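Read through the structure below, which is laid out as structure tokens, and then see the notes.
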Amino acid sequence: MSLDIRPESTGPASGRSRPAPVTVLHWVFAGFAVLTVGSLLGGSDVAVLRAAALVGYPVAALLSVAAALRGPERGRRVTIVLHLVMALAQFVFGIPAPVALLGIPLSLTILAVSRPRFPRMSPRTRKVWLVLHVGFSVGWLGVALTMTVLAIVGSAADSHALRHGAYEVLHVVDLAAAIPSMFLAIITGLVVSLGTKWGLVRHWWVLVKFAISVSIPLVAGTVESALADELALRTVDPAAVPGSTGVALTACLAAFTVALWVATILSVLKPWPRTRWGRSADARERAARRQGALL
């Protein structure tokens, strides 16, 4: 898939030039990458993913500095490719270091400011990616519902074996099913939106659905996983009870399930008008078609 990386006008110069927003964001991301590497050095769990993050973030920091020094026009290709990769890679890096998940919205913001343009997919290719997206999204919803049921069982069970077993299974499902389905649903959703007429910011329903999809892993990596780990350890003791932590985990997972149902409803109903970015893009496309007809 090729990218349109034509330079965009940065506006007329007046007096002392100010750094472009994307240049400032490059420096912010480089600093974030350095801080994240520092947090990764102190752990030893998930060694393979931790090692991948310890390699990936320094490379990303160097490329961010290079893109910042080259300027928004000359560094645009590096910017787009780097943050397309990092927006997805940080889902994986977030397993050993949840702070890495905070880099996802930062990478997406840099991408949005850079305004990459993607070619439209053929009808056959679109159908393939749409089937993949629907399948992975339904799987993600099913996993969220399963984890909610396990959290309810763990919180309400009278038997120690059932209580502890529910939280142990929940932890396994989180790592083995929730993270992969979440990752694949978001990737395929990005491809479908960017490679079709819908776009990512042209329609409010697409934008809200994407915001839901990105917010869930952020909350899951920073809140839900910590609650699940704590309960799995706490309930090893037969006398221990989930208490308010069990209620909080259940509420968190139930909220994920409701949010994914909302995203599903948005996909079917496609409500609300276009965004201002969508209206501007439509105007540009109409102008380009008129100019083409005149030529």
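Over the chain, the alpha carbon radius of gyration divided by the compact-protein estimate 2.2 N^0.38 Å works out to 1.15. Placing +1 on each Lys and Arg Cβ and -1 on each Asp and Glu Cβ, with no other charges, gives the stretch 57-211 a dipole about its Cα centre of roughly 1160 debye. This model, with +1 at the C-beta of Lys and Arg and -1 at the C-beta of Asp and Glu, gives the chain a dipole about its Cα centre of some 2260 debye. Out of ALA263, CYS252, VAL22, whose Cα points farthest toward the positive end of the dipole of the chain (charges: +1 Lys, Arg; -1 Asp, Glu; placed on Cβ)? The Cα lying farthest towards the positive end belongs to VAL22. Hydrophobic, long helices, defined as DSSP H runs whose alpha-carbon span along the helix axis is 30 Å or greater and whose mean Kyte-Doolittle value is at least 1.0, occur in the chain at 47-74, 123-156, 243-269.
When the surface is traced with a 1.4 Å probe over the full set of protein chains, PHE32 keeps roughly 30 Å² accessible.
Cα centroids of the stretch 193-227 and the stretch 71-103: how far apart, whole angstrom? Centre-to-centre (Cα) distance: 16 Å. Remark: C-alpha extents of the stretch 82-135 on the principal axes read 39, 28, 14 Å, sorted largest to smallest. Every helix of 4 or more DSSP H residues in the chain counts as -39500 (n - 2.57), and over all residues that averages to -25000 deg cm²/dmol at 222 nm. How many percent of the accessible area of the chain is carbon or sulfur, using a 1.4 Å probe? Of all accessible area on the chain, carbon and sulfur atoms account for 70 percent. Kirkwood radius and radius of gyration were both taken over the C-alpha atoms of the stretch 127-176, and their ratio Rg/Rh is 1.20.
Dipole size of the stretch 158-264 about its Cα centre, with +1 on Lys/Arg Cβ and -1 on Asp/Glu Cβ: approximately 640 debye, rounded to the nearest 20. Average the reciprocal distances over every distinct pair of alpha-carbons in the stretch 151-239, invert the result, and give the Kirkwood radius in Å. About 15.0 Å for the stretch 151-239. Residues whose amide H comes within less than 5 Å of that of HIS203, counting only those at least five positions distant or on another chain, are THR275 (H built at 1.01 Å from N in the peptide plane).
Computed over Cα pairs, the Kirkwood radius of the stretch 221-268 leads via Stokes-Einstein (0.890 mPa s, 25 °C) to a diffusion coefficient of 204 µm² per second. Ordered by solvent-accessible area of protein heavy atoms (1.4 Å probe), largest first, the residues LYS270, LYS127, LYS209 come out as LYS127, LYS270, LYS209.
Averaged over residues, the count of other Cβ atoms within 10 Å places the peptides 272-278, 231-237 in the sequence 231-237, 272-278, highest first.
Across the stretch 88-222, Cα-Cα distances exceeding 17 Å account for 65% of all pairs. For ARG279, the solvent-accessible surface with a 1.4 Å probe is about 140 Å², rounded to the nearest 10.
The values are calculated or read from the model by the stated rules, or taken from the named source; none is laboratory data. Note that the structure is predicted; figures quoted are calculated from it, not measured. For neighbour counting, all protein chains shown are included, and Cβ atoms are generated from backbone atoms with ideal geometry for every residue, glycine included. Surface accessibility is based on the protein's heavy atoms, side chains included, excluding ligands, DNA and RNA. Shrake-Rupley method; radii C 1.70, N 1.55, O 1.52, S 1.80 Å.
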